[in-house]
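The values are calculated or read from the model by the stated rules, or taken from the named source; none is laboratory data. Being a predicted model, the structure only gives us computed values, none of them experimental. Cβ coordinates were reconstructed from backbone atoms using ideal geometry, including for glycine residues, and neighbour counts include every protein chain displayed. These area figures cover heavy atoms from the full protein model, side chains too; ligands, DNA and RNA do not enter into them. Shrake-Rupley method; radii C 1.70, N 1.55, O 1.52, S 1.80 Å.
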Amino acid sequence: MRFRVPATTVMLIIFLYFVDLSAAIYSGAIYYICELMQYRIGRKYIKNPSKEHYAQMMIASTLAVSSVLLPVVMMWHLGTMYPRVICVSILTATFLHVALIRSPHLRFAVVTTIPLICAFYYLIILQYFERADVGVLLVSLLGVTAFNAYFMLAVFTYNRFQRALLIASDAARAASTSKSQFLATMSHELRTPLNAIMGVSQLLHDQPHHPASAVRIAALQRASFSLKALVDDVLDLTRIEQGMIELRPVRTNLKDEISAIAELHRSVAIAKGLSFELRFARNIPKDLIFDPLRVRQCATNLLNNALKFTDRGNVSMTVRTAQAQGDEVRVEIEVSDTGIGVPPGMRHHLFESGYQSDVPPASSSCHRPSGAGLGLSISRMLARQMGGDITLVSQIDAQMGATFRFTFTAQVAGPKQPDTTDTAANPLTMAVRNILVVDDIATNRMVAAAFVEAEGLNATQAASGAEALDLLARGQFDLVLLDMNMPQMSGLETFQAIRASNTAWASIPVIALTADAMPEDTARYLRAGLDGYLAKPLDKRALRAEISSVFEGRINCEDRNGHAR
């Protein structure tokens with residue numbers, strides 16, 4: 001409106017110069033009244049959108065354009081070239097205005113162009129009555145039709161671009177809002193275990209011999225595992241969204257796996273005064289081939305939620321299988337509880353990343369349940385990747401608890417082959433004695449060295465790549481645990497220097513220790529030639545397993561080479 005009113009005022013001043021004063025005044029009065037109507041109706045439409053207001057705005061817009069066309073027709077009747085050029089210019093400028101300003105609202109644009117198109121054809125008819133030349137008429141009709149078609153195409157094209165831009169803008173705003181909510185949730189959830197870690201560590205420092213030290217250490221360990229689980233959830237979400245989660249199906253006893261998961265949660269249920277039931281249907285195959293880690297992750301999340309939102313009654317877990325296709329079976333795991341249930345308004349958001357229920361538990365002490373709102377979202381994506389899904393079973397009453405069904409596809413395992421591998425030898429104690437731990441952060445070195453020494457091995461620490469090379473040159477080592485992100489000389493540069501040293505220790509096994517925990521990081525370091533990979537934070541069992549894996553691989557490789565010779 002800020003552009004239309006001044007521009008139209010200039011056109012009306014031009015009309016005053018060429019046409020009758022009263023016609024220009026009437027035309028201007030109609031135009032300004034229509035513009036005022038558009039403005040007032042538009043404000044009403046914004047507050048209360050309705051078809052009636054929308055139709056009124058279109059009528060006012062069409063009348064405003066038509067009022068400007070009356071002086072244009074009168075100028076054409078003057079018969080001289082200059083006024084007619086101005087007429088065509090004004091009509092073309094009005095078309096441009098419609099294409100650029102009105103086209104985001106396609107109905108407005110189409111309705112507004114109707115008077116313009118009629119005006120063009122009316123001027124052609126006037127010209128034909130003046131000259132009575134059929135050839136000029138046909139050429140004029142063809143030219144004006146092409147002109148109108150071009151501008152209508154421009155209106156539709158620009159409308160499509162505007163809609164795409166609006167959709168992209170809305171998506172960007174929604175993503176920004178979702179990101180802000182997710183970061184706020186993550187900040188809250190990260191601070192919860194961090195508070196425990198910082199508080200308990202200060203208590204242990206100030207009161208190392210306090211009678212409750214063992215309880216405090218257990219709380220510290222729980223907080224650290226909680227923090228690691230939270231970080232793993234974020235990484236899992238990123239990997240799944242990028243399609244980078246790799247399933248590792250292995251032969252597994254389904255009953256044993258589910259029973260182990262249930263036993264881990266039974267103590268929690270008993271501590272809350274709940275009864276816990278585990279039921280297996282008949283005819284469940286003994287051994288199936290599936291990814292036990294991802295199944296455990298999904299089932300554990302459902303059980304955690306059931307126990308979290310249930311204060312009285314029971315939690316049950318039911319497992320059944322159904323034949324799918326060929327040797328495939330469909331496994332169904334239902335987790336039911338008698339907790340607070342899921343209100344209807346929340347069911348559509350349960351599986352959204354970062355969504356948290358604000359419903360308090362059934363007890364009188366209202367608190368917000370913990371969690372980053374990632375568990376169900378990640379579990380559903382994992383279940384779908386395994387050929388199944390996680391769904392909320394329909395319930396009549398929102399206060400009657402909740403039942404979630406987790407399904408996935410597994411293969412029936414064939415006859416088990418006898419294990420011919422020699423398990424008597426332990427490569428961790430037979431092949432490894434002295435380990436060099438390289439990290440620029442003292443705390444990381446201390447933790448890794450303590451884990452190594454807990455296995456009865458010797459650990460030597462180096463704070464840089466240069467120091468590590470010096471120790472390797474002066475000592476005897478069987479393995480290097482090497483941090484990848486060090487200043488001055490990075491882990492990869494240190495590893496390359498080791499391999500290029502042309503010494504007896506040039507082929508020493510090297511395991512990468514790094515906070516780079518994405519799958520592409522693992523592939524990148526293994527492609528570079530490192531023998532193993534461990535992501536921080538370091539876990540003692542994972543460290544032992546990786547060292548064993550590296551040396552088992554070396555022993556098998558040497559055995560194959562010996563047989564070949």
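Quick one: is HIS53 at pLDDT below 80 and surrounded by fewer than 19 Cβ atoms within 10 Å (Cβ to Cβ)?
So HIS53 fails the test.
Quick test for you: out of PHE161, PHE95, PHE156, pick the one residue that is under 30 Å from GLY42 (Cα atoms), in the same structural domain as LYS51 (by the TED database) and assigned to a helix (DSSP H, G or I).
Step by step, each of PHE161, PHE95, PHE156 is checked, and only PHE95 is under 30 Å from GLY42 (Cα atoms), in the same structural domain as LYS51 (by the TED database) and assigned to a helix (DSSP H, G or I).
For region 498-524, which positions are β-branched (Val, Ile, Thr) and within 22 Å of VAL432 (Cα to Cα)?
Across region 498-524, the qualifying residues are ILE498, THR503, ILE508, VAL510, ILE511, THR514.
Only residues in region 528-545 that are at negative phi and outside any loop (DSSP other than H, G, I, E, B) count as the first member; pair them with residues that are open to solvent by less than 40 Å² (accessible area, probe 1.4 Å) and aromatic (Phe, Trp, Tyr), Cβ under 6 angstrom, at least 6 apart or cross-chain, and list the lot.
Taking only residues 6 or more apart or on different chains, the pairs are TYR533/TYR525.
Kindly establish whether PHE477 is assigned to a helix (DSSP H, G or I), buried (at least 18 other Cβ atoms within 10 Å of the Cβ) and among the aromatic types (Phe, Trp, Tyr).
So PHE477 does not fit the description; no.
On the basis of being charged (D, E, K, R), open to solvent by 30 Å² or more (accessible area, probe 1.4 Å), touching a Ser or Thr at 6+ places or on another chain (Cβ under 7 Å) and within 22 Å of ALA229 (Cβ to Cβ), does GLU352 make the cut?
yes
Kindly indicate whether ALA109 is out of contact with any strand residue (DSSP E or B) (no Cβ under 6 Å at 6 or more places or on another chain) and closer than 21 Å to GLN38 by Cα.
Spelling it out, ALA109 is indeed out of contact with any strand residue (DSSP E or B) (no Cβ under 6 Å at 6 or more places or on another chain) and closer than 21 Å to GLN38 by Cα.
Please go through region 268-302 and give me each residue that is open to solvent by 70 Å² or more (accessible area, probe 1.4 Å) and either assigned to a strand (DSSP E or B) or farther than 22 Å from PHE351 by Cβ (or both), ordered by number.
ILE270, ALA271, LYS272, GLU277, ARG279, ARG282, ASN283, LYS286
Check region 91-104 and report whether any residue there is of a type in the set (Gly, Ala, Ser), in contact with a Lys or Arg (Cβ under 6 Å, 6 or more places away or on another chain) and either open to solvent by less than 20 Å² (accessible area, probe 1.4 Å) or within 28 Å of MET37 (Cβ to Cβ) (or both).
No: region 91-104 contains no residue that is of a type in the set (Gly, Ala, Ser), in contact with a Lys or Arg (Cβ under 6 Å, 6 or more places away or on another chain) and either open to solvent by less than 20 Å² (accessible area, probe 1.4 Å) or within 28 Å of MET37 (Cβ to Cβ) (or both).
(1) hydrophobic (A, V, I, L, M, F, W, C); (2) open to solvent by 80 Å² or more (accessible area, probe 1.4 Å); (3) farther than 26 Å from MET152 by Cα: which one isn't true of ILE59, the others all being true?
(3)
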